[in-house]
Amino acid sequence: MDVIGKLRERAAELADLSHVMALMQWDQEVMLPRGGAAERAQQFATLSGIVHRRAVDPALGEFLAAAEAAADRLDTVERALVRKMRRGYDQNTKLPEAFVTELAALTSRALPVWVAARRDNDFASFAPLLSRLVEMNRRQADYLGYDEEPYDALLDCYEEGLTAREVRDCFSVLLEPLRELLAGVAPAEEWQPRVPFVEAEQVRFADRLLGLIGFDFERGRQDRSAHPFSTGLGRNDQRVTNRYAPQSIEFIFSALHEGGHALYEQNIGPELARTPLANGVSLGIHESQSRFWENIIGRSRPFWQYCYSLLGEAFPAQFGTLALDDFLATVNAVRPGLIRVDADELSYNLHVLIRFELEQALISGELAVADLPAAWGERYRDYLGVVVPSDADGVLQDIHWAHGSFGYFPTYTIGNLAAAQIWHAYRRFDPDWAATLARGDFARVGGWLATNIHRHGGVYLPRELLLRVTGEELAPRHFLGYLKEKFGR
Ligand code: ZN
């Protein structure tokens with residue numbers, strides 16, 4: 001067997017194992033009886049150990065070296081496969097096994113402490129573990145290596161090739177215009193239906209929306225979980241979840257968001273299946289696809305010109321007498337607040353900026369964990385004009401740091417920026433986009449995304465892909481242009 005054949009065989013084995021683990025994770029969030037949690041944790045630990053040993057197998061390193069020596073005889077996909085497998089192999093072998101085990105043990109200890117600290121508004125009980133997590137992330141950056149600053153090594157784990165300097169540049173362009181736009185918008189009241197929703201009807205409509213945007217139910221399904229998410233168990237098995245509350249229309253936007261993630265993976269080229277190329281390019285580009293459907297399409301007038309009558313038929317008691325204009329005002333309401341996941345399109349990236357600044361300062365050692373809540377409050381007052389009444393609704397609100405993830409937050413903003421840039425490129429391709437959407441032809445934009453982005457899976461680097469699709473590298477002006485068009489009145 002040639003060396004690429006050997007690599008493909010190894011890749012397939014690792015992909016199968018990771019899909020089995022994804023299935024266990026999905027099951028844990030959707031189906032697992034409470035009593036099964038401890039055994040499930042043991043199953044995870046056992047399987048993680050097997051996967052880790054396979055991932056650092058010296059024979060794999062030899063195949064990679066042989067393939068790299070023959071790189072000029074490889075085609076684009078083969079070269080990408082070698083690059084991606086090299087990246088995984090290096091990440092796995094650079095971290096000593098004792099370090100990986102220690103970090104896993106620390107995060108599993110930290111998670112329940114964080115849950116209790118958030119519930120009891122007790123930052124002090126979580127602070128010692130957070131300090132340890134910061135310190136271990138600093139060590140992880142040293143093991144992985146970086147050119148400019150330790151934070152880059154952490155960021156690179158989520159967004160290959162992105163540096164803190166580039167993220168800072170993006171935010172320095174965004175900050176003032178975002179604050180100006182926010183200052184010019186009157187805060188809106190929260191809308192509530194006069195009659196509560198019936199869950200079965202919400203589920204039916206969420207399924208219908210997924211179908212409308214091109215989700216293939218032969219190769220995926222939608223279920224319930226405490227927090228919406230999407231996961232891939234293979235190219236032909238994409239799982240999305242949603243949650244339903246009697247007073248909330250969030251299920252509509254969660255369906256579009258998770259559906260956007262799932263469409264990405266359902267459309268990846270079949271020749272990439274069972275390789276590490278059968279994922280999105282990066283977290284940021286993945287998020288661009290979910291934000292594209294959730295916000296850019298899903299909160300637009302043309303989309304609802306088609307879908308609003310369907311919504312009215314599904315929920316006559318809630319929407320029968322609400323005019324389309326009022327509905328659009330409701331789903332695009334701007335309300336600067338405390339909670340990132342509830343944030344509107346204008347303020348969302350300021351929540352991310354705050355986390356980005358603080359986690360950089362933690363990793364560099366400029367900020368001590370004990371001073372974190374005060375620094376959090378200061379920035380919320382400064383950037384969003386809100387007073388943080390408690391740590392539970394402040395620094396303890398996100399799971400990421402408790403999970404040991406530093407460098408993850410910026411990918412949300414990369415997703416928003418990339419989505420607007422991709423939208424700009426689509427509108428050049430389809431100048432009649434508004435009419436296309438208003439007649440319910442979502443396959444046109446879906447097909448364009450599939451051809452230009454999804455099909456390629458992880459073959460290109462994030463910045464290469466963006467360049468191919470939009471003709472330029474990541475540029476915040478498209479996002480600002482989009483916001484000004486929408487909110488700048
Ligand atoms: Zn997402």
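The values are calculated or read from the model by the stated rules, or taken from the named source; none is laboratory data. Just so it is clear, the structure is predicted and the values come from calculations on it, not from any experiment. Quick reminder, even Gly has a Cβ in these numbers, built from the backbone with ideal geometry, and neighbours come from all protein chains shown. Accessible surface is based on the protein model in full, side chains and every heavy atom, while ligands, DNA and RNA are left aside. Shrake-Rupley method; radii C 1.70, N 1.55, O 1.52, S 1.80 Å.
Scanning the range 392-401 for residues that are touching a residue at least 60 places away in the same chain (Cβ under 8 Å) and either buried (at least 22 other Cβ atoms within 10 Å of the Cβ) or under 16 Å from the mean Cα position of the chain (by Cα) (or both) yields VAL395, LEU396, ILE399, TRP401. All but one of (1) in a helix (DSSP H, G or I); (2) within 22 Å of PRO177 (Cα to Cα); (3) in contact (Cβ under 8 Å) with a residue 12 or more places away in the chain hold for ARG444; which doesn't? Checking ARG444 against (1) in a helix (DSSP H, G or I); (2) within 22 Å of PRO177 (Cα to Cα); (3) in contact (Cβ under 8 Å) with a residue 12 or more places away in the chain, the one that fails is (2). So ILE422 passes all but one of these: (1) part of a loop (DSSP other than H, G, I, E, B); (2) out of contact with any His (no Cβ under 7 Å at 6 or more places or on another chain). Which condition number does it fail? Only one criterion is unmet by ILE422, namely (1). Among the residues that make up the range 35-52, is at least one of them β-branched (Val, Ile, Thr) and either at pLDDT 95 or above or surrounded by 16 or more Cβ atoms within 10 Å (Cβ to Cβ) (or both)? Yes, the range 35-52 contains a residue that is β-branched (Val, Ile, Thr) and either at pLDDT 95 or above or surrounded by 16 or more Cβ atoms within 10 Å (Cβ to Cβ) (or both).
Look through TYR412, TYR383, TYR408 and report the one residue that is assigned to a loop (DSSP other than H, G, I, E, B) and either open to solvent by 10 Å² or more (accessible area, probe 1.4 Å) or not aromatic (Phe, Trp, Tyr) (or both). One residue alone meets the criteria, TYR408. Tell me whether the range 239-256 contains one or more residues that are acidic (Asp, Glu), out of contact with any Leu (no Cβ under 8 Å at 6 or more places or on another chain) and in contact (Cβ under 8 Å) with a residue 12 or more places away in the chain. The answer is no, given that none of the residues of the range 239-256 is acidic (Asp, Glu), out of contact with any Leu (no Cβ under 8 Å at 6 or more places or on another chain) and in contact (Cβ under 8 Å) with a residue 12 or more places away in the chain. When ILE285, ILE296 are checked against the criterion of being more than 12 Å from the ligand (Cβ to nearest atom), more than 15 Å from LEU210 (Cα to Cα) and among the hydrophobic types (A, V, I, L, M, F, W, C), ILE296 stands alone in meeting it.
Would you check if there is a residue in the range 365-375 being in the same structural domain as CYS307 (by TED's automatic domain parsing), touching a helix residue (DSSP H, G or I) at 6+ places or on another chain (Cβ under 8 Å) and of a type in the set (Val, Ile, Thr)? Taking every residue of the range 365-375 in turn, at least one turns out to be in the same structural domain as CYS307 (by TED's automatic domain parsing), touching a helix residue (DSSP H, G or I) at 6+ places or on another chain (Cβ under 8 Å) and of a type in the set (Val, Ile, Thr). Evaluated against (1) of a type in the set (S, T, N, Q); (2) under 15 Å from the mean Cα position of the chain (by Cα); (3) away from the ligand (no atom under 15 Å from the Cβ), THR231 falls short on exactly one condition, (3).
Filter the range 158-176 for residues that are part of a helix (DSSP H, G or I) and surrounded by 17 or more Cβ atoms within 10 Å (Cβ to Cβ) and give the result. Within the range 158-176, TYR158, ALA164, GLU166, VAL167, CYS170, PHE171, LEU174 meet the criteria.
For the range 342-372, give me the residue count where each residue is of a type in the set (Gly, Ala, Ser) and touching a Ser or Thr at 6+ places or on another chain (Cβ under 9 Å).
Of the residues in that region, 2 qualify.
Quick one: count up the residues across the range 213-227 that are within 13 Å of the ligand (Cβ to nearest atom) and surrounded by 20 or more Cβ atoms within 10 Å (Cβ to Cβ).
Taking the range 213-227 and keeping what is within 13 Å of the ligand (Cβ to nearest atom), we get 227.
When the remaining residues are screened for being surrounded by 20 or more Cβ atoms within 10 Å (Cβ to Cβ), the result is none.
So the answer is 0.
Considering the conditions (1) assigned to a loop (DSSP other than H, G, I, E, B); (2) open to solvent by less than 10 Å² (accessible area, probe 1.4 Å); (3) out of contact with any Leu (no Cβ under 8 Å at 6 or more places or on another chain), ARG355 is excluded by exactly one of them, (1).
Residue count for the range 237-274, restricted to those that are in a loop (DSSP other than H, G, I, E, B) and either touching a Gly at 6+ places or on another chain (Cβ under 9 Å) or within 16 Å of the ligand (Cβ to nearest atom) (or both): 7.
GLN318 meets all of the listed conditions (1) away from the ligand (no atom under 16 Å from the Cβ); (2) out of contact with any Pro (no Cβ under 7 Å at 6 or more places or on another chain); (3) among the polar types (S, T, N, Q) but one, namely (2).
Do we have any residue at all in the range 182-196 that's in a helix (DSSP H, G or I) and either open to solvent by less than 70 Å² (accessible area, probe 1.4 Å) or aromatic (Phe, Trp, Tyr) (or both)? Within the range 182-196, one or more residues are in a helix (DSSP H, G or I) and either open to solvent by less than 70 Å² (accessible area, probe 1.4 Å) or aromatic (Phe, Trp, Tyr) (or both).
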